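Only the coordinates and a few stated rules stand behind these numbers; no lab work does. Computed from a prediction, not measured in an experiment: that's the story for all the values here. With ideal geometry, Cβ positions are generated from the backbone for all residues, glycine too; neighbour counts draw on all protein chains shown.
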Amino acid sequence: MTTTEAPPSGTALRPAAPIRRRSALRRRNALIGWSFILPNFIGFGFLTLLPVLILFYMAFTNWNVFGKADWVGLVNFQRLLGDGSFRIAFLNTLYYSVMHIPLTIVVSLGLALLLNNKLRGVAFFRTAAFFPYITSIVAIAVVWNLLFSPDYGPINEILRAIGISSPPGWLTSSEWAMPAVVIVSTWRDMGYYMILFLAGLQTVPRELHEAARVDGASVWQRFVNVTLPCLRPTMFFVTVMLTINSFKIFDLILVMTDGGPGQSTLVLSQFIYKKGFEESQFGYASAAAVALFFLCILVTIGQFLWNKKRSA
């Protein structure tokens, strides 16, 4: 009869040591990960999330920064509906967005298609196209204000030279001020979105273009049936970013026209700035900011649903 020897003392506890080491390693990795992301979370919480929560609270109050914030409920939002300046700012924002978004997409995509080829000095031209995006807004506004001068500006001088006797007044005209701002804004933004389209063009398989060329497809047919479908994710991202940035346009208009002539270039962001920092109506300005926030959210959700439907 054989007998089984008992394992040495402590042998049954050996598997617990690797488990403890793995557990300690996971805790250490988690602590290291949190040490990297915690500063960002803290900054986001104090500099973004907390001000947004305060903004939503202030939208339901009457506060001029000097006294106590009095709760007024939906009064500020009801006031917005009857405010003629708010309606003008809302319509001007839509007008700017409808002009700026497609024009910027067309120009930036055209530049990307042109500079995606192997040209001599292509790196220089890419840099030159991107440079306006990182240039100071004030410098851009000053230069373009001089270019758009109705009497001495080079743009109107060129128009007169080609036979247009009465060129537009541009920034001094209520009809042409917003188109002038759109032109400058498109010129400034096209380089950034050109880079995004260039990145998207790098993902288009060359085999598809070669197969389409062999089948006899023209350049336009290859662009419509090969390039554009492959650029759909990039196009969607660019459209969303352009829409949000168009609704938030503020700095360029503030420096170039300050909302004028009259209220022809007054947009929602400037309306909020005027009511809050010039007239000290912080509760009312917060209500307008909340309205702008939900406008951006609704349009973005609509774009996501439309893109999902097209991709299905």
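Observations on the structure shown:
- Only lysine pairs 8 or more places apart, or on different chains, with alpha-carbon atoms under 30 angstrom apart are counted in the chain, and they number 7.
- Computed about the Cα centre, the dipole magnitude for the stretch 80-311 is approximately 840 debye when only Lys and Arg (+1) and Asp and Glu (-1) carry charge, each at its Cβ.
- Taking 0.36 nm per residue of separation and subtracting the Cα-Cα distance, full extension of the segment from Trp71 to Phe46 would add 6.6 nm.
- 5 angstrom amide H check on Thr61, placed H, neighbours 5+ away: Val72
- Highest mobility in the GNM of the chain, judged by mean-square fluctuation with C-alpha springs under 10 Å and restricted to Arg21, Arg120, Arg213, is found for Arg21.
- Ranked by the mean number of other Cβ atoms within 10 Å per residue, highest first, peptides 49-56, 266-273 order as 266-273, 49-56.
- Extending 7 Å from the Cα toward the beta-carbon at both Gln202 and Leu295 defines two label points whose distance is 3.6 nm.
- According to the calculation over all Cα-Cα pairs in the chain, the P(r) per 10 Å bin from zero is 5, 17, 22, 21, 15, 8, 4, 3, 2, 1, 0, 0, 0 %.
- Residue among Ile162, Ile301, Ile19 with the largest mean-square fluctuation in a Gaussian network model of the chain, springs linking Cα atoms under 10 Å: Ile19
- Residue with peak Gaussian network fluctuation, the chain [Cα springs, cutoff 10 Å], from Trp187, Trp220, Trp34: Trp34
- Close amide-amide hydrogen proximity is noted between Gly260 and Thr265, each under 5 Å apart and 5 or more residues distant or on a separate chain (H modeled in the peptide plane; Pro and chain starts excluded).
- For the pair the stretch 291-310 / the stretch 43-104, the C-alpha centres are spaced 19 Å from each other.
- Of all complete DSSP H helices in the chain, those with a Cα span along the helix axis of 27 Å or greater and a mean Kyte-Doolittle hydropathy of 1.0 or more are 84-115, 177-201, 282-311.
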